[in-house]
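Visitor: Mind having a look at this structure? Questions to follow.
The values are calculated or read from the model by the stated rules, or taken from the named source; none is laboratory data. Quick caveat: nothing in here was measured; it's all calculated off a predicted structure. Don't worry about glycine lacking a Cβ; one is built from the backbone with ideal geometry, like all the others, and counts go over all protein chains shown. Side chains are part of the model used for accessible areas, which takes the heavy atoms of the whole protein and leaves out ligands, DNA and RNA. Shrake-Rupley method; radii C 1.70, N 1.55, O 1.52, S 1.80 Å.
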Amino acid sequence: MRVELAPEIFSDTDDTTGPYRPEDLHHLYNLLRCFSEQRHDWVTDPNVVYAVQEFLPKHLPQLADTYVALAQDAAVAQAWTGTSQASDVVRVPRADLADFAADLCQAAVVVVENQESDGYFLKTIAHVLGDKRIRIAINQHWIEIANGGGSSLLKVAKEAATRFRRVVRVVAVLDSDRLIPRQRTGSHDKADALASIDVAVHVLDRREAENYVPYRVLARVGRLGEASQRLRLLKQLTPEQRDHYDMKHGFRKAGDPPAVLPAQRSLFHGLDGKLRAGLHTGFGTDLLERMHAGRDGLTEHDFAQLGDGVVAELRMLLATIAGKI
């Protein structure tokens, strides 16, 4: 996150908060360490740099040179960007230093429906689309991927939000569970409820995360001949049918012999019987794990092949997460 520390934080006395206490210095040190670790970006200006130069040699003498240099670099960067008034800047006043330090120095929380499989999904797209910040945050445990389940995701996300006092650093990522295009589902109701308590939310446009698995991965599911045939049949679906096809289970949940769910009859109307039979069993429940295992062999183009807007949506998802790191 982009964080601005008020000038009075670097003052021995303040008209509203009084003399500096030892615990205040502890909170300040924790925040400064977040900047030096590049966990957060320090937004500052020459006035703050001057205050830092006066304050730190007296209170953190062994680290003063390091943090003064850091403040100077941050001021130079700010002069180039000129975005100190941007809405994404978290402004920390002296009076609330303890609360902001507690929020900014703990891990952000990303709540998903399945911690393992959705974790594979997020790690893969961050890797393939080159989001270095999120990759570092995951590796450094600056992000906690929390298991929300299906029905309990709303509760888990709300509980995660209570960990934070001033800056709610929680993101929820939900499958849309759409059976047809543009359908409003319970996931969208959850998103509205979470947005009201400042939890950032991304509801996938497609049915589930598995609908974003590239063809390159699907081509290796099962025996070579069977995999090739099943993928060929999948590509015969219309884009909207592919977006809402149950990639894991196929048409099995609709019954045997192969059929479609009542809500999807209009979407799959006229679907060839042989095609429906060939896609009856789906591609299995481990698609996201397979995608993660093969992430080094994937490129942005592999996701772009899935349809217009896929890469843009995935980048938007990553940006939503990055905004809370």
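Visitor: So how do K274, K324, K123, K155 rank on accessible area, 1.4 Å probe, biggest first, that is with the largest at the start?
Guide: Putting K274, K324, K123, K155 in descending order of accessible area: K274, K155, K123, K324.
Visitor: Let me ask something else about it. What does the charge count near G297 come to, summing +1 for each Lys or Arg and -1 for each Asp or Glu among other residues with Cβ under 12 Å from its Cβ?
Guide: +2
Visitor: Counting only protein heavy atoms and using a 1.4 Å probe, what share of the accessible area of the chain belongs to carbon plus sulfur, as a whole percent?
Guide: About 49 percent, which is the carbon plus sulfur part of the accessible surface.
Visitor: Right, here's the next one. Can you compute the charge dipole magnitude of the chain about its Cα centre, using +1 on each Lys and Arg Cβ and -1 on each Asp and Glu Cβ, nothing else charged? Give it in debye, rounded to the nearest 20.
Guide: Details: 40 positive and 44 negative charges, 338 e Å.
Here the size comes out at about 1620 debye.
Visitor: While we're on this one: Can you tally the net charge around S151? Count Lys and Arg as +1, Asp and Glu as -1, for every other residue whose Cβ sits under 14 Å from the Cβ of S151.
Guide: That works out to -1.
Visitor: For semi-axes √(5λ) of the Cα gyration tensor in Å, the listed values are (i) 49, 19, 15; (ii) 54, 22, 15; (iii) 37, 27, 19; which was obtained by calculation from the structure presented?
Guide: Step by step, semi-axes √(5λ) of the Cα gyration tensor in Å for this structure corresponds to label (i).
Visitor: So how do D175, D205 rank on accessible area, 1.4 Å probe, biggest first, that is with the largest at the start?
Guide: From most accessible down to least: D205, D175.
Visitor: Now for a separate question. Which of the peptides 115-121, 177-183, 140-146 is most tightly packed, and how do the rest follow, judged by the mean count of other Cβ atoms within 10 Å per residue? It would help to have the intermediate numbers written out before the result.
Guide: Values: 115-121: 19.7, 177-183: 15.4, 140-146: 17.0.
Packing order, densest peptide first, comes out as 115-121, 140-146, 177-183.
Visitor: Give me the distance between the Cα centres of segment 269-322 and segment 145-209, rounded to whole Å.
Guide: Answer, in whole Å: 21.
Visitor: Among K123/K155; K123/K324; K248/K324; K123/K248, which pairs are too far apart, with a Cα-Cα distance over 22 Å?
Guide: From K123/K155; K123/K324; K248/K324; K123/K248, over 22 Å: K123/K155; K248/K324.
Visitor: Where does each of W42, W80 land when they are ordered by accessible area, with a 1.4 Å probe and the largest first?
Guide: Working: W42 20, W80 215 Å².
Accessible-area ranking of W42, W80, largest first: W80, W42.
Visitor: Can you give me the angle between helix 46-59 and the longest principal axis of the chain, using Cα atoms only, in degrees from 0 to 90, rounded to the nearest 10?
Guide: 70
Visitor: Same structure, new question: Output the 0 to 90 degree angle, nearest 10, between the alpha-carbon long axis of helix 224-234 and the longest principal axis computed from the alpha carbons of the chain.
Guide: Computed tilt is about 90 degrees.
Visitor: Run the 1.4 Å probe and let me know the accessible area of S87, rounded to the nearest 10 Å².
Guide: 120
Visitor: Just to confirm, what accessible area per residue do you get for the chain at 1.4 Å probe, in whole Å²?
Guide: Here the residues of the chain average 49 Å² of exposed surface.
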